[in-house]
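Report on the following structure.
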Amino acid sequence: MSRKVLVLAGDGIGPEVMHQVFRVAEWFAKHREMAFDLSNGLIGGAALDAHGVPMTDETLADAVAADAVLLGAVGGPKWDAVDFSLRPEAALLALRQNLAVFANLRPAIVFPALASASTLKTEVIEGLDLMIVRELTGGIYFGQPRGIETLPDGQRRGVNTQVYTTSEIQRVAAVAFELAEKRAKRVCSVEKANVMESGRLWREEVTALHAQRFGHIELTHMYADNCAMQLVRNPKQFDVIVTDNLFGDMLSDEAAMLTGSLGMLPSASLGAADTSGRRRAVYEPVHGSAPDIAGKDMANPIAMLLSFAMMQRYSFGLTDDAELLETAIRNVLAGGMRTSDIMSPGMARVSTSVMGDSIIRELGKLVR
Ligand code: NAD
């Protein structure tokens, strides 16, 4: 089985956290005979400096040809003034569009050692493990008509349009059902069917797909405003949540904060499966390039390493290896190691590289 991975470390802390991925990948190659064919490319400000564009056509072609893309982060003050079309972030949009990754997976997992760091009560979030699947390429951020117009009476009017088609809804719902099959077998579909036609269609299409193919999964429906409340009231009621682009944008950020730090949050964006069942995929931490701490060996590499674990699991079916890495991370946190962003009294503050060392050492202990 081919395991061609394009690594785009990007800017700021991107290369620092990605360095820890290379070390961990090397460990897996050596100790588990699970080698990846990793190649590097430039993206964001790094590509702009080298080539005058935030992503070259060659890099994009490499991404399309790869089995998976691992992305660090892009952007920084150095490039804040460049034209919008050349901004480092433009490369991310181009990458997602060209790979047609329509399902954004954001797990919210609370590691026992970090439960007390959440703003919510420990008993509410301890053991939390939920997955939000957000539709990423449709809905109100892309719908036409859109724009700002001046009306005959001189007022201005801003317009955006929420649009979804049967296929757009069903393909993202299928991803959610398939994920639930490997988890607690529960999907909650979230919309505003009470006030939006697109929400009514969403509910009907998810229900129809469920009846056709996923009757063995428990399906519930919830209005988005209620879901926002339930996420802070009792988040453990959820297994997989599937929702549209706009609601998913907000609900995934809300769920993220249940877990504490940005430095802990991985993500995956998946496209349609080809005939062999393989999906285009981009794995990246939720955080940005953190220019305030870049170059200081302070960044938390865990979000990036958990993104690598998601790649092992979802692109290559290496569930045992993904679990091994997640367990190593859990154990290191339980042992009291903390990067600055997750530091709390009585714990040991460590650098990016020492966190990487500790996780690799723990991997060694786990397979001994
Ligand atoms: P950010 O996520 O880079 O940083 C927000 C805060 O969280 C900062 O204080 C930072 O130090 C901290 N932080 C983030 N990741 C961390 C980690 N792994 N370990 C420890 N602390 C961490 O967001 P921002 O400051 O709004 O944006 C900075 C730059 O990143 C901007 O140019 C922005 O456009 C870009 N950005 C890129 C992406 C991406 O590449 N996907 C996402 C968000 C922002």
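Go over the candidates VAL242, VAL206, VAL232 one by one and state the one that is outside any helix (DSSP H, G or I), among the β-branched types (Val, Ile, Thr) and outside the structural domain of SER315 (by TED's automatic domain parsing).
Unique residue meeting the criteria: VAL242.
State all residues of segment 334-368 that are buried (at least 20 other Cβ atoms within 10 Å of the Cβ), free of Cβ contacts under 8 Å to residues at least 24 places away in the same chain and either closer than 25 Å to SER269 by Cβ or basic (Lys, Arg) (or both); if no residue qualifies, say none.
ARG338
Looking for something within 16 Å of the ligand (Cβ to nearest atom), open to solvent by 60 Å² or more (accessible area, probe 1.4 Å) and closer than 23 Å to VAL74 by Cβ - is there at least one such residue anywhere in segment 258-279?
Step one: list which residues in segment 258-279 are within 16 Å of the ligand (Cβ to nearest atom), which gives 259-269.
Next, from what is left, pick out any that are open to solvent by 60 Å² or more (accessible area, probe 1.4 Å): 262.
Next cut, closer than 23 Å to VAL74 by Cβ only: 262.
Yes, because at least one residue in segment 258-279 is within 16 Å of the ligand (Cβ to nearest atom), open to solvent by 60 Å² or more (accessible area, probe 1.4 Å) and closer than 23 Å to VAL74 by Cβ.
Do we have GLY317 as surrounded by 19 or more Cβ atoms within 10 Å (Cβ to Cβ), out of contact with any Gly (no Cβ under 7 Å at 6 or more places or on another chain) and small (Gly, Ala, Ser) here?
When the stated conditions are applied, GLY317 does not pass them.
Kindly list the number of the only condition in (1) without any contact (Cβ under 8 Å) to a residue 60 or more places away in the chain; (2) within 15 Å of the ligand (Cβ to nearest atom); (3) farther than 27 Å from LEU246 by Cα that fails for LYS121.
Every listed condition holds for LYS121 apart from (2).
Residues ALA35, ALA108: which one is open to solvent by 30 Å² or more (accessible area, probe 1.4 Å) and in contact (Cβ under 8 Å) with a residue 24 or more places away in the chain?
Answer to the check: ALA35.
Within the bounds of segment 326-333, is there any residue that is surrounded by 15 or more Cβ atoms within 10 Å (Cβ to Cβ) and outside any helix (DSSP H, G or I)?
Within segment 326-333, none of the residues are surrounded by 15 or more Cβ atoms within 10 Å (Cβ to Cβ) and outside any helix (DSSP H, G or I).
If you check ILE217, ILE241, which single one turns out to be open to solvent by less than 40 Å² (accessible area, probe 1.4 Å), under 18 Å from ALA108 (Cβ atoms) and among the β-branched types (Val, Ile, Thr)?
On the way: ILE217 fails: under 18 Å from ALA108 (Cβ atoms).
Answer to the selection: ILE241.
Output yes when any residue across segment 49-63 is open to solvent by 20 Å² or more (accessible area, probe 1.4 Å), outside the structural domain of MET250 (by TED's automatic domain parsing) and within 16 Å of the ligand (Cβ to nearest atom), and no when none is.
Yes, segment 49-63 contains a residue that is open to solvent by 20 Å² or more (accessible area, probe 1.4 Å), outside the structural domain of MET250 (by TED's automatic domain parsing) and within 16 Å of the ligand (Cβ to nearest atom).
Name the pairs whose Cβ atoms lie under 9 Å apart, with the first residue in segment 73-92 and in contact (Cβ under 8 Å) with a residue 60 or more places away in the chain and in the same structural domain as MET304 (by TED's automatic domain parsing), the second β-branched (Val, Ile, Thr) and buried (at least 22 other Cβ atoms within 10 Å of the Cβ), and 6 or more positions between them or separate chains?
ALA73/ILE13; ALA73/VAL17; VAL74/ILE43; PRO88/ILE43; PRO88/VAL74
Every residue in segment 14-24 that is out of contact with any Ser or Thr (no Cβ under 6 Å at 6 or more places or on another chain) and either polar (S, T, N, Q) or open to solvent by 10 Å² or more (accessible area, probe 1.4 Å) (or both), please.
Result: PRO15, HIS19, GLN20, PHE22, ARG23.
Go through segment 116-179 and tell me which strands (runs of 3 or more DSSP E), entirely inside it, have 3 or more residues that are in contact with a Pro (Cβ under 9 Å, 6 or more places away or on another chain) and not assigned by TED's automatic domain parsing to the domain that holds VAL282.
129-135
Taking into account only those residues within segment 4-38 that are more than 16 Å from the ligand (Cβ to nearest atom) and aliphatic (A, V, I, L, M), which is nearest to ALA299 (Cα to Cα)?
Step by step, filter segment 4-38, then rank; the result is ALA25.
Can you name the number of the only condition in (1) open to solvent by less than 30 Å² (accessible area, probe 1.4 Å); (2) closer than 17 Å to TYR283 by Cβ; (3) within 20 Å of the chain's Cα centre (by Cα) that PHE28 fails?
(3)
For segment 323-334, check the following and say yes or no: at least one residue is within 16 Å of the ligand (Cβ to nearest atom), of a type outside the set (Phe, Trp, Tyr), in the same structural domain as LEU6 (by TED's automatic domain parsing) and under 22 Å from the mean Cα position of the chain (by Cα). Talk me through it step by step, then tell me what you get.
Taking segment 323-334 as the starting set, the residues that turn out to be within 16 Å of the ligand (Cβ to nearest atom) are 329, 332-333.
So of that shortlist, the ones also of a type outside the set (Phe, Trp, Tyr) come out as 329, 332-333.
Subset that is in the same structural domain as LEU6 (by TED's automatic domain parsing): 329, 332-333.
Next, only the ones that are under 22 Å from the mean Cα position of the chain (by Cα) stay: 329, 333.
Yes, because at least one residue in segment 323-334 is within 16 Å of the ligand (Cβ to nearest atom), of a type outside the set (Phe, Trp, Tyr), in the same structural domain as LEU6 (by TED's automatic domain parsing) and under 22 Å from the mean Cα position of the chain (by Cα).
LEU305 - would you say it is more than 10 Å from the ligand (Cβ to nearest atom) and farther than 30 Å from ASP225 by Cα?
yes
The values are calculated or read from the model by the stated rules, or taken from the named source; none is laboratory data. Quantities reported herein were computed from a predicted structural model and do not represent experimental measurements. Note that each Cβ is placed from the backbone with ideal geometry, even for glycine, and that neighbours are counted across all protein chains shown. Remember, those area values only see protein heavy atoms, side chains included, never the ligands or the DNA or RNA. Shrake-Rupley method; radii C 1.70, N 1.55, O 1.52, S 1.80 Å.
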